[in-house]
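Any read-out appearing in this document is the output of simple, stated calculations on the displayed coordinates, not a laboratory observation. Note that the structure is predicted; figures quoted are calculated from it, not measured. We place every Cβ from the backbone using ideal geometry, glycine too, and count neighbours over all the protein chains shown.
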Amino acid sequence: MNPFDFLTQTLRIAIPYLFAASGGVIAERAGIISLSLEGYMLTGAFSATLGTFYSGSPWIGLLCGILGGLVFGLIHALATIRYRADQVVVGIAINLLAIGVTRFFLQLAFESSSNSPRIEGFGASAAARGFDNPLLWMGLLSAPVLAFFLYKTRYGLRVRAVGEHPDAAASVGISVARIRYLSVALSGMLAALGGVFLALDQHQFTDQMTAGRGFIAVAAVIFGRWDPVRAALACLLFAAAETLQIQLQGTEVIASQFVSMIPYVLTIIALAGVVGRAVPPAALGKTGE
């Protein structure tokens, strides 16, 4: 096993997790549960595929992917903030809606229920091993940039205030609803970038191609105790476990069934050791202001 190959593969696998976990952190720090990350990613992947296919430009696809995540983020925000629906139920509904919508439009646009035609993507040079893909660098920078905004800017202070003490924030003139709308919209766009990376990296969209990555990103947010940098480190840990799984599949050292379980077993172990001690934002999941 070449250490450099292991590292590069881990980074590429980690990028969708990093984008989605950053989106999860910003929404949950504002008090909105982010079980909808899977739906955002899937919508972003399909929107990017659609935009790239019809325009011939992955940059247009990137913008379409962000727009798709924004639309679903606003749907989530409207249901949970304006109508105060149960945030867990809405998150699950968003994921199911994304599966149905992408499958319907996949059939409508490409006359296929399984995958799209091949599209252009970033990172055309094989020698660069994906490091010429701008989305890779954006993913690596997402956590430190988000940490700066959360801890060093007025907006970040307001997000944290709304997620911890919304009544106190409202008493000093902060619009709790506005901050939460902005945070959930940003969450949708960030998580959608994870789906965009998947679609453009694989040069096509396949039905349910996110394959549970959004839920692992939620686990990374909890494991990272709602801190962007710690969540990013958790994403790298989960990505390393997935890389190890892929590397071991070509050997006969461990039965393939057990190899496939590695990332999920690691997730369960990590959460079992951390969730009991991790303290979420005080207003997380509360619908009232």
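Table for the structure above
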| item | result |
| --- | --- |
| Alpha carbon Rg of region 1-138, scaled by the compact-globule rule 2.2 N^0.38 Å | 1.17 |
| Ratio Rg/Rh, restricted to region 93-222 and using Cα atoms, in which Rh is the Kirkwood radius | 1.06 |
| Cα coordinate range in the chain, projected on the principal axes (Å, largest first) | 59, 43, 32 |
| Region 184-234 - Kirkwood radius from inverse mean 1/r over Cα pairs (Å) | 11.9 |
| For region 69-139: rounded, prolate or oblate by the Cα gyration tensor [a/c cutoff 1.5] | oblate |
| Sequence ranges 97-110, 58-71, ranked by mean other-Cβ count within 10 angstrom, highest first | 58-71, 97-110 |
| Computed lengthening from ILE92 to ARG225, 0.36 nm per intervening residue step minus Cα-Cα distance | 45.7 nm |
| Karplus-derived HN-Hα couplings along region 156-172 (A = 6.51, B = -1.76, C = 1.60, θ = phi - 60°), whole Hz, x at Gly and Pro | x, 4, 5, 4, 5, 5, 5, x, 9, 9, x, 5, 5, 5, 5, 5, 9 |
| Whole-number D in µm² s⁻¹ for region 143-193, Kirkwood Cα-pair radius fed into Stokes-Einstein, 20 °C, 1.002 mPa s | 189 |
| Rounded, prolate or oblate (a/c below 1.5 giving rounded, otherwise prolate when a/b exceeds b/c) for region 110-173 by Cα gyration tensor | oblate |
| Debye equation applied to the C-alpha atoms of region 30-78, log10 I(q)/I(0) at 0.14, 0.18 Å⁻¹ | -0.35, -0.52 |
